[in-house]
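Enquirer: To start, I am sharing the structure in question, which I have written as structure tokens.
The values are calculated or read from the model by the stated rules, or taken from the named source; none is laboratory data. Predicted model, so just to flag it, every value in this text is computed and none were measured. Note that each Cβ is placed from the backbone with ideal geometry, even for glycine, and that neighbours are counted across all protein chains shown. Surface accessibility is based on the protein's heavy atoms, side chains included, excluding ligands, DNA and RNA. Shrake-Rupley method; radii C 1.70, N 1.55, O 1.52, S 1.80 Å.
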Protein chains: 2
Amino acid sequence: MEALDYHAEERRKAEFDLEEMKIVWAGSRQNYEISDRMARLVASDPVFRKDNRTMLSRKDLFKDTLRKAAHAWKRIIELRLSEEEAHMLRSYVDQPAFTDLHWGMFIPAIKGQGTEEQHEKWLPMAYKMQIIGCYAQTELGHGSNVQGLETTATFDPQTDEFVIHSPTLTSSKWWPGGLGKVSTHAVVYARLITGAQDHGVHGFIVQLRSLDDHSPLPGITVGDIGMKFGSGAYNSMDNGLLRFDHVRIPRNQMLMRVSQVTREGKFVQSDVPRQLVYGTMVYVRQTIVSDASCALARAVCIATRYSAVRRQFGSQNGGPETQVIDYKTQQSRLFPLLASAYAFRFVGEWLKWLYTDVTQRLQASDFSTLPEAHACTAGLKSMTTSVTADAIEECRKLCGGHGYLSNSGLPELFAVYIPTCTYEGDNVVLLLQVARFLMKTVSQLGSGKKPVGTTAYMGRAEHLMQCRCEVERAEDWLKPSVILEAFEARAFRMSIACAKNLSKFSNPEDGFSELSPDLLEAAIAHCQLIVVSK
Amino acid sequence: MEALDYHAEERRKAEFDLEEMKIVWAGSRQNYEISDRMARLVASDPVFRKDNRTMLSRKDLFKDTLRKAAHAWKRIIELRLSEEEAHMLRSYVDQPAFTDLHWGMFIPAIKGQGTEEQHEKWLPMAYKMQIIGCYAQTELGHGSNVQGLETTATFDPQTDEFVIHSPTLTSSKWWPGGLGKVSTHAVVYARLITGAQDHGVHGFIVQLRSLDDHSPLPGITVGDIGMKFGSGAYNSMDNGLLRFDHVRIPRNQMLMRVSQVTREGKFVQSDVPRQLVYGTMVYVRQTIVSDASCALARAVCIATRYSAVRRQFGSQNGGPETQVIDYKTQQSRLFPLLASAYAFRFVGEWLKWLYTDVTQRLQASDFSTLPEAHACTAGLKSMTTSVTADAIEECRKLCGGHGYLSNSGLPELFAVYIPTCTYEGDNVVLLLQVARFLMKTVSQLGSGKKPVGTTAYMGRAEHLMQCRCEVERAEDWLKPSVILEAFEARAFRMSIACAKNLSKFSNPEDGFSELSPDLLEAAIAHCQLIVVSK
């Protein structure tokens, strides 16, 4: 029947070079080519089909995931793909799997927190997938507050072992991906106890299942925590629960790069600076910001295409109805999201630079920019993922009833994306960290300590408190300097107002708690400024 | 293990009578008792279990729905439940099913738009479920713009039949619940053509499937449109697609209460006032507003209970951590939603009164309050459902990672609720209708025509344009009159600003289109005022 290509017509109107924009988006021509090649590889392979994903029962979906993960692994080896290509291929397979945790958390944890010896023992097996690992940190009762974890690892000097134990219901490990059905091993975070002393939370490599028949080892209770939001989506992942009943592991399975327990049970801290952890955090959060721009772009792309094809009302003399994209109500909701996708893309690229900068400084033992870099990435992680999650849902709404159908792609995109707001730092908790940093920066303004990096604007305190917006006509908003100053003045004034109100409390913690909703707003304003300025 | 009942402790602190509040919420003691009885009936019946719903494949979920619908029907007959009790029982079964459309749309359409003869012929079969019907209005290309429907019903005077036909791809019926797999009949909305004349959209009773073997009748293509948002949720419903290839039905299957086609093919309008349709609309939207309060209350209830049990950070000297409900950041997001649930409950009750009032006036042929009642219900439908949809998601976020698990109840609640923003009038389209009504009301202010009902405040134009908010201290906000005046002044000033800007356009339609984002805001402000004032 009708086969008018409305998209061709819309694309013809573009005032920029489409091919060049693709490359700008990808970061480089080479990135674009890899991305394009991997996309075609996945799209043309029937094993990677996604169209039936939402129809499957949980069990069949899980089997489908195992099949895809194995097939991806096979293709990566057959085609001798580079690490970059392999990463891209997996991202186009686009189905959360235990492999994400094995490659993305288990191996990096051993690499980052393990000793040379531990690397030699565990990494080769992990690289060949002779063992499959997950990252068992979060507990039923403890997410954001990592220091509150209850699982214990008690050193037994008699046998030179740690005894891993779950003392309470709330201490059950809960959420780790790959744990429910697949993993043979886990990096388990537990309170280290030597003698009667609690040394806080440390990582331990624990075998969970037999390498012969995959059954749980004695003392270990393990299982899947059940269905999550949506159909398809994250249900391809075996998020799991795990309980230990006095499970014994050799002493050398504590990850000992930063702290050690000696044969005698003595707790020793190495001289490896603990700040190194923050370097990794900056890296992980940079990838999250980049991923946010991709998820947002997918949603905006679907909603924009739909808006060009969909017509409703406004037919004159029996002619076609008005394209939905021509309605101002649609534009005023859709176009800011389109702009945000690009903004997040560019701020993600800038974060790559920041990571390089921080890494170089860390190698030179310069920790001076770390607090600012940490606050900046925490804030951007929070802001971009919150905006993206809400924006995907807004794009779904912009597709009217059709956005509610799984085949629009939006329901799964939403359901699979939203955990990003919770993992790697709950978005509200992160913003409160940013707020603390802002209050500290404000409090030091008088002391002559110059604010650096993304807080440099606070150095122009007097100007920002007094300046008035010069906009008189709509066109004035087209000057980037006007927008930037508006965002700076807003962020700064909000921070100053919070600081002023905080100073009225005799106990600063009471003040912080009482004013936290305002502090959140100030932190958001600061993060919005960062995005605008990059 | 730990079994502290944090809820008991929180409930003990309530400063109101819990039992009385239950009755206030239910509307009356009798309502409460019916509701409570039906809830227990459903909860104790294993056929009605919901805990495995999200795990099922689409096919098994659908079978489960058929089983539940049949069982509910059986119980309703066995227990001789009243219509009210039966309705309540079905709402606790809480699983969208073809029966919703059969009882809620198919039968009412015949009742409302059919003649006495048609009632006698069709209703008894429908009541006994010897036939099962759905409501086939929306098409692939036509949702909000009902007048744009493309399906045709062409009268053939030779055979005294209508020929129902789908002339284009976009004319395919798309979305009707109950259509995909179950319905034997449908009320089909199609353009009535007699001779060469198009008389616009009318309803027709069309048999779709054989009553012997349930196969589609000749000329009919029918099927399910596939998965929708979420697991479980609305996927228990067989939303369908339907195409007609010159399907013939007898003339007497056009619903002829308001318009008729004679044996000779003459189109005749009866003297039944068309405004009666609006009475039904007021009724349907009133139920939607009541349902919004229920959905919101469920979400808020889950999030509040979670917030009381969940503890994170703030442990002092090894004591328990802080209950999440004690954080201001949690309170500032949760409590307004809690308040909204009550507000929507009370505005829903007020809408019942409005419906009675409108009905009585219609019976006395007084159509004077209809435009205002129509704008008011359209606006409240839009506002309460949009707020509720977003609030369910906000409640999910307030439960941190745990809200992402299906067993929190929130993912399904969200997925099953959100279509409410689209059906019975897309929320944006409805707000634009409200905005049109507001602009009309403003334009008549000078003419001496007094604004009525929910627009009565506009009669105090001068005061509202000049008044200044008297709040000086936080406590001043506790005066309802202060809040009410603030909402009135805001809504009125926004309307006036829009009207002023509209007047600058030579073509009012161009202005309306150009200013539609502002008009939406003004409409929302007006609707918020209605909720505050009730």
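Enquirer: For region B:425-445, state whether one or more residues are within 30 Å of B:THR138 (Cβ to Cβ) and open to solvent by 90 Å² or more (accessible area, probe 1.4 Å).
Expert: Yes, some residue in region B:425-445 is within 30 Å of B:THR138 (Cβ to Cβ) and open to solvent by 90 Å² or more (accessible area, probe 1.4 Å).
Enquirer: Kindly provide the set of residues from region B:249-280 that are surrounded by 15 or more Cβ atoms within 10 Å (Cβ to Cβ), under 19 Å from B:VAL187 (Cα atoms) and in contact with a strand residue (DSSP E or B) (Cβ under 8 Å, 6 or more places away or on another chain), ordered by number.
Expert: Within region B:249-280, B:ILE249, B:ARG251, B:GLN253, B:MET254, B:LEU255, B:VAL258, B:SER259, B:GLN260, B:VAL261 qualify.
Enquirer: Has region B:498-516 got at least one residue that is among the aromatic types (Phe, Trp, Tyr), open to solvent by 40 Å² or more (accessible area, probe 1.4 Å), more than 24 Å from B:GLU349 (Cβ to Cβ) and not assigned by TED's automatic domain parsing to the domain that holds B:VAL289?
Expert: Checked against the condition, which is being among the aromatic types (Phe, Trp, Tyr), open to solvent by 40 Å² or more (accessible area, probe 1.4 Å), more than 24 Å from B:GLU349 (Cβ to Cβ) and not assigned by TED's automatic domain parsing to the domain that holds B:VAL289, region B:498-516 yields at least one hit.
Enquirer: Here is a follow-up. Can you name every residue in region B:472-497 that is over 15 Å from B:MET439 (Cα atoms) and open to solvent by less than 40 Å² (accessible area, probe 1.4 Å)?
Expert: B:ASP476, B:VAL482, B:ALA486, B:GLU488, B:ALA489
Enquirer: State whether the residues of region A:70-82 include one that is closer than 14 Å to A:SER236 by Cβ and open to solvent by 40 Å² or more (accessible area, probe 1.4 Å).
Expert: Yes, region A:70-82 has at least one match.
A quick yes/no check of all residues on (1) farther than 23 Å from A:VAL387 by Cα; (2) over 26 Å from the mean Cα position of the chain (by Cα); (3) in contact (Cβ under 8 Å) with a residue 12 or more places away in the chain:
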{"site": "A:LEU464", "(1), (2), (3)": "yes, yes, yes"}
{"site": "A:GLU472", "(1), (2), (3)": "yes, yes, no"}
{"site": "A:ARG490", "(1), (2), (3)": "no, yes, yes"}
{"site": "A:SER495", "(1), (2), (3)": "no, yes, yes"}
{"site": "A:SER503", "(1), (2), (3)": "yes, yes, no"}
{"site": "A:ASN507", "(1), (2), (3)": "yes, yes, no"}
{"site": "A:LYS534", "(1), (2), (3)": "no, no, yes"}
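Enquirer: Taking only region A:58-69 into account, find how many residues are open to solvent by 50 Å² or more (accessible area, probe 1.4 Å) and within 23 Å of the chain's Cα centre (by Cα).
Expert: Going through region A:58-69 one residue at a time, the tally reaches 0.
Enquirer: Do we have any residue at all in region B:448-455 that's open to solvent by less than 40 Å² (accessible area, probe 1.4 Å) and out of contact with any Cys (no Cβ under 6 Å at 6 or more places or on another chain)?
Expert: Yes, some residue in region B:448-455 is open to solvent by less than 40 Å² (accessible area, probe 1.4 Å) and out of contact with any Cys (no Cβ under 6 Å at 6 or more places or on another chain).
Enquirer: Across region A:172-206, which residue is nearest to the other protein chains (Cβ to nearest Cβ) among those that are surrounded by fewer than 23 Cβ atoms within 10 Å (Cβ to Cβ) and of a type in the set (Gly, Ala, Ser)?
Expert: Among those that are surrounded by fewer than 23 Cβ atoms within 10 Å (Cβ to Cβ) and of a type in the set (Gly, Ala, Ser), it is A:SER172.
Enquirer: I've got another one for you. List the residue pairs whose Cβ atoms are under 8 Å apart, where the first residue sits in region B:171-195 and is under 20 Å from B:GLN253 (Cα atoms) and aromatic (Phe, Trp, Tyr), the second is open to solvent by 10 Å² or more (accessible area, probe 1.4 Å) and assigned to a strand (DSSP E or B), and the two are 6 or more positions apart or on different chains.
Expert: Pairs found: B:TYR189/B:VAL201; B:TYR189/B:HIS202.
Enquirer: Take the conditions more than 14 Å from chain A (Cβ to nearest Cβ) and modelled with pLDDT of 95 or more and apply them to B:PHE512. Does it pass? Break it down into steps so the answer makes sense when it comes.
Expert: On the way: more than 14 Å from chain A (Cβ to nearest Cβ): no; modelled with pLDDT of 95 or more: yes.
Criteria not met by B:PHE512.
Enquirer: How about region B:211-250: which of its residues are among the polar types (S, T, N, Q) and over 19 Å from B:THR422 (Cβ atoms)?
Expert: Within region B:211-250, B:SER215, B:THR221, B:SER231 meet the criteria.
Enquirer: Those residues that are over 24 Å from B:LEU413 (Cβ atoms), open to solvent by 50 Å² or more (accessible area, probe 1.4 Å) and more than 14 Å from chain A (Cβ to nearest Cβ), I need them from region B:281-314; list them, please.
Expert: Across region B:281-314, the qualifying residues are B:MET281, B:TYR283.
Enquirer: Oh, and also: Being in contact with a Lys or Arg (Cβ under 6 Å, 6 or more places away or on another chain) and charged (D, E, K, R) narrows it down to one of A:ASP245, A:ASP160, A:ASP156, A:ASP213, so name that one.
Expert: Checking each option against the conditions leaves just A:ASP160.
Enquirer: Can you spot a residue in region A:225-241 that is of a type outside the set (S, T, N, Q), away from chain B (no Cβ under 14 Å) and open to solvent by 30 Å² or more (accessible area, probe 1.4 Å)?
Expert: Going residue by residue through region A:225-241, those that are of a type outside the set (S, T, N, Q) are A:225-230, A:232-234, A:237-238, A:240-241.
Those still in the list that are away from chain B (no Cβ under 14 Å) too: none.
No: region A:225-241 contains no residue that is of a type outside the set (S, T, N, Q), away from chain B (no Cβ under 14 Å) and open to solvent by 30 Å² or more (accessible area, probe 1.4 Å).
Enquirer: Which residues, counting only those in region A:498-534, are within 19 Å of A:ALA378 (Cβ to Cβ) and among the aromatic types (Phe, Trp, Tyr)?
Expert: A:PHE512
Enquirer: Against the condition under 23 Å from A:ASN252 (Cα atoms), assigned by TED's automatic domain parsing to the domain that holds A:GLN253 and of a type in the set (Asp, Glu), how does A:GLU116 come out, does it pass?
Expert: Answer is no for this residue.
Enquirer: State which residue is farthest from B:TYR306 (Cα to Cα) when the search covers only region A:131-140 and only residues that are out of contact with any helix residue (DSSP H, G or I) (no Cβ under 8 Å at 6 or more places or on another chain) and within 14 Å of chain B (Cβ to nearest Cβ).
Expert: Looking at the filtered set, the residue picked out is A:GLU139.
Enquirer: Give me a count of the residues in region B:321-369 that are within 14 Å of chain A (Cβ to nearest Cβ) and touching a Leu at 6+ places or on another chain (Cβ under 9 Å). If you could, list the steps in order and put the result at the bottom.
Expert: Quick first cut of region B:321-369, residues within 14 Å of chain A (Cβ to nearest Cβ) only: B:321-336.
Okay, now just the ones that are also touching a Leu at 6+ places or on another chain (Cβ under 9 Å), so B:324-325, B:328-330, B:332-334.
Matching residues across region B:321-369 total 8.
Enquirer: Right, here's the next one. When A:ASP36 is evaluated against the numbered criteria (1) surrounded by 10 or more Cβ atoms within 10 Å (Cβ to Cβ); (2) within 14 Å of chain B (Cβ to nearest Cβ), which criterion, by number, is the only one it fails?
Expert: Going through the list (1) surrounded by 10 or more Cβ atoms within 10 Å (Cβ to Cβ); (2) within 14 Å of chain B (Cβ to nearest Cβ), A:ASP36 breaks only (2).
Enquirer: For region A:123-148, how many residues are among the aromatic types (Phe, Trp, Tyr) and touching a residue at least 24 places away in the same chain (Cβ under 8 Å)? Before you say what the answer is, go through the steps one by one.
Expert: Looking only at region A:123-148, we keep the residues that are among the aromatic types (Phe, Trp, Tyr), and these are A:127, A:135.
Cutting the leftovers down to touching a residue at least 24 places away in the same chain (Cβ under 8 Å) gives us A:135.
Of the residues in that region, 1 qualify.
Enquirer: Does any residue of region A:42-57 turn out to be away from every other protein chain (no Cβ under 14 Å), under 30 Å from A:ARG191 (Cα atoms), open to solvent by less than 50 Å² (accessible area, probe 1.4 Å) and not in a helix (DSSP H, G or I)?
Expert: No: zero hits.
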